[in-house]
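J.: Input: one structure, supplied below.
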Ligand SMILES: Cc1cc2nc3c(=O)[nH]c(=O)nc-3n(C[C@H](O)[C@H](O)[C@H](O)COP(=O)(O)O)c2cc1C
């Protein structure tokens, strides 16, 4: 049994939902899991965990500052155990190279800024809660959607054989620059 800490930041709740889903899967595999918002995660919890997962949405092209601060504060401890980072963004819902590259660049920026190199990175499509947004945010998503809808349609199959649009599939990305790991 491994003791996991899942520490996440969230603006509108979707990253918390993903964190809880990961928790359910890990518990189902017999592990011990603590899941917390980073603002409620003490550094002692990081010390106590065998492995740490950190999650953040991208909001206005940045990770949440409290997640970045959490990583910076715990960088040395994170370097001593297996870690993963999961990111939610609208970009990961768009099946184009420029959107995929953009989503990866946010992760690269976090690695560069904090010096933390997670062992695994997962890029998930975020939720668009359109009816809850104000006029400016709605306009932003309208323009983004208009651009992405010009992309060719894709219909990959999920593992249970159901045909899924690509935007609903997570993209798992191996670590990029941890020395000696690949
Ligand atoms: C105000 C706002 C700004 C956003 N900015 C971006 C962005 O710059 N790039 C992007 O790919 N997604 C962006 N998103 C999409 C979010 O990453 C997505 O909705 C995510 O699921 C939010 O997670 P949360 O519910 O945990 O806060 C934005 C969403 C909102 C509401």
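The values are calculated or read from the model by the stated rules, or taken from the named source; none is laboratory data. Predicted, not measured: the structure shown is a model, and the values here were computed from it. Neighbour counts run over all protein chains shown; Cβ positions are idealised from the backbone, glycine included.
J.: If you check 113, 120, which single one turns out to be modelled with pLDDT of 95 or more, in contact with a helix residue (DSSP H, G or I) (Cβ under 8 Å, 6 or more places away or on another chain) and away from the ligand (no atom under 14 Å from the Cβ)?
T.: Values: 120 fails: in contact with a helix residue (DSSP H, G or I) (Cβ under 8 Å, 6 or more places away or on another chain).
After ruling out the rest, the residue left standing is 113.
J.: Take region 14-58 and flag every residue that is under 22 Å from residue 113 (Cβ atoms), more than 16 Å from the ligand (Cβ to nearest atom) and touching a residue at least 40 places away in the same chain (Cβ under 8 Å).
T.: If the condition is that a residue be under 22 Å from residue 113 (Cβ atoms), more than 16 Å from the ligand (Cβ to nearest atom) and touching a residue at least 40 places away in the same chain (Cβ under 8 Å), then 46, 52 are the ones that fit.
J.: Then there's this: Taking the criterion of being near the ligand (Cβ under 9 Å from one of its atoms), modelled with pLDDT under 95, more than 30 Å from residue 77 (Cβ to Cβ) and outside any loop (DSSP other than H, G, I, E, B), would at least one residue in region 163-171 satisfy it? Please lay out each step first, then the result.
T.: Initially, region 163-171 is screened for residues near the ligand (Cβ under 9 Å from one of its atoms), giving none.
No.
J.: Out of region 85-106, which residues are surrounded by fewer than 23 Cβ atoms within 10 Å (Cβ to Cβ) and within 20 Å of residue 52 (Cβ to Cβ)?
T.: 106
J.: Also, quick follow-up: Kindly indicate which of 103, 99 is in a helix (DSSP H, G or I), within 12 Å of the ligand (Cβ to nearest atom), more than 14 Å from the chain's Cα centre (by Cα) and in contact (Cβ under 8 Å) with a residue 40 or more places away in the chain.
T.: Criteria check complete, one pass: 99.
J.: I need the full set of residues from region 32-60 which are under 14 Å from the mean Cα position of the chain (by Cα) and at pLDDT below 95, in order please.
T.: Selection gives nothing.
J.: Collect the residues in region 59-79 that are within 16 Å of the ligand (Cβ to nearest atom) and surrounded by 23 or more Cβ atoms within 10 Å (Cβ to Cβ), keeping them in residue-number order.
T.: If the condition is that a residue be within 16 Å of the ligand (Cβ to nearest atom) and surrounded by 23 or more Cβ atoms within 10 Å (Cβ to Cβ), then 63, 67, 70 are the ones that fit.
J.: Another question about this same structure. Restricting attention to region 1-13, which residues are surrounded by 18 or more Cβ atoms within 10 Å (Cβ to Cβ) and either modelled with pLDDT under 95 or within 8 Å of the ligand (Cβ to nearest atom) (or both)?
T.: 8, 9, 10
J.: Of everything in region 16-72, what is closer than 14 Å to residue 87 by Cα and not in a helix (DSSP H, G or I)? Give them in sequence order.
T.: Once the filter is applied, which keeps residues that are closer than 14 Å to residue 87 by Cα and not in a helix (DSSP H, G or I), region 16-72 yields 53, 54, 55, 56, 57, 58, 59, 60, 61, 62, 63, 64.
J.: Specify the residue that is nearest to the ligand (Cβ to nearest atom); the eligible residues are those in region 80-95 that are in contact (Cβ under 8 Å) with a residue 12 or more places away in the chain and out of contact with any helix residue (DSSP H, G or I) (no Cβ under 7 Å at 6 or more places or on another chain). Quick ask: steps written out before the conclusion?
T.: At the first step, the residues of region 80-95 found to be in contact (Cβ under 8 Å) with a residue 12 or more places away in the chain are 81-95.
Subsequent filtering for residues that are out of contact with any helix residue (DSSP H, G or I) (no Cβ under 7 Å at 6 or more places or on another chain) retains 81-84.
Values: 81: 25, 82: 24, 83: 20, 84: 17 Å.
Step by step, filter region 80-95, then rank; the result is 84.
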